[in-house]
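Right, one structure below, let's go through it.
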Amino acid sequence: MPEPVVRPPTPADRDALLALMDAYIVDFYRSPRPPRERLEALVDLLAEGREGTQLVVEGDGALVGFATLYFTWSTLRADRIAILNDLYLDDRARGTGAATALFQAALAVTRERGCAEMEWQTAADNHRAQAFYAKMGGERGDWVSYSIE
């Protein structure tokens, strides 16, 4: 695979980006498939760039991954932060440098937006991602995550 190219998605990327998001949600995390119109609305919202943004990584002329950042505030820091909500690569892009390029681009966007830091989480059993994030200089936190529906 040639050098990965990271960039914001274009309207022409929409179907490929939605397919990657679907693979991430359903195949990788084994979560229920959200309605297509909700994913499309999310992609549209992120394209506006106010509440968040997405980046895509291209290899061999096709999209092979994406990252999603959401912009918010931290009370503890009294400053803006970015949440790296997603960083996903198709299997064919793993081990090619695409993850590093995507992560570094997300960090660059975080800094360009004037955010004090970028935060993220990964699954407790995703040891490959944990090793990657440590290699990128990420510091493992002490927080425990909760959610409720």
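The values are calculated or read from the model by the stated rules, or taken from the named source; none is laboratory data. Computed from a predicted model, the values in this text were never measured in an experiment. Methodologically, a virtual Cβ is constructed for each residue, glycine included, from the backbone with ideal geometry; neighbour enumeration extends over all protein chains shown. Side chains included, ligands, DNA and RNA excluded: accessible areas come from the protein's heavy atoms. Shrake-Rupley method; radii C 1.70, N 1.55, O 1.52, S 1.80 Å.
Of all DSSP beta bridges in the chain, what percent run antiparallel (nearest 5)? Working shown, then result.
Working: 21 of 24 bridges.
Of all bridge pairs located within the chain, approximately 90 percent are antiparallel.
Loop-located GluC sites (Glu not before Pro) in the range 1-83 (DSSP state not H, G, I, E or B) with no more than 13 neighbouring Cβ atoms inside 10 Å: E51.
Label-to-label distance for D91 and D22 is 1.8 nm, based on points extended 7 Å past Cα in the beta-carbon direction.
DSSP loop (so not H, G, I, E, B), at most 16 other Cβ within 10 Å: list which chymotrypsin sites (Phe, Trp or Tyr not before Pro) in the range 25-69 pass both filters.
Y29
Taking only the Cα atoms of the chain, the ratio Rg/Rh comes out at 0.94, with Rh defined as the Kirkwood radius. Among R128, R38, R14, determine the one that fluctuates most according to a GNM of the chain built with springs between C-alpha atoms less than 10 Å apart. Per the Cα network of the chain with a 10 Å cutoff, R128 tops the list. Other residues within the sphere of radius under 15 Å centred on the Cβ of A131, judged by their own Cβ, net out at +2 (K and R +1, D and E -1).
When only Cα pairs under 8 Å and 6 or more residues apart are kept, what is the percent relative contact order across the chain?
On the way: 195 pairs, mean separation 30.8, N = 149.
Relative contact order here is 21 percent.
Taking the highest mean first, how do the peptides 138-146, 68-76 order by number of other beta carbon atoms within 10 angstrom per residue?
68-76, 138-146
So what is the accessible area of the chain per residue, in Å², with the probe set to 1.4 Å? Working shown, then result.
Working: 9450 Å² over 149 residues.
That works out to 63 Å² for each residue.
What FRET efficiency comes out for the pair D15/S145, r = Cβ-Cβ distance, R0 = 41 Å, nearest 0.05? Write down the numbers at each step before the final one.
Working: r = 32 Å, r/R0 = 0.78.
Approximately 0.80, to the nearest 0.05.
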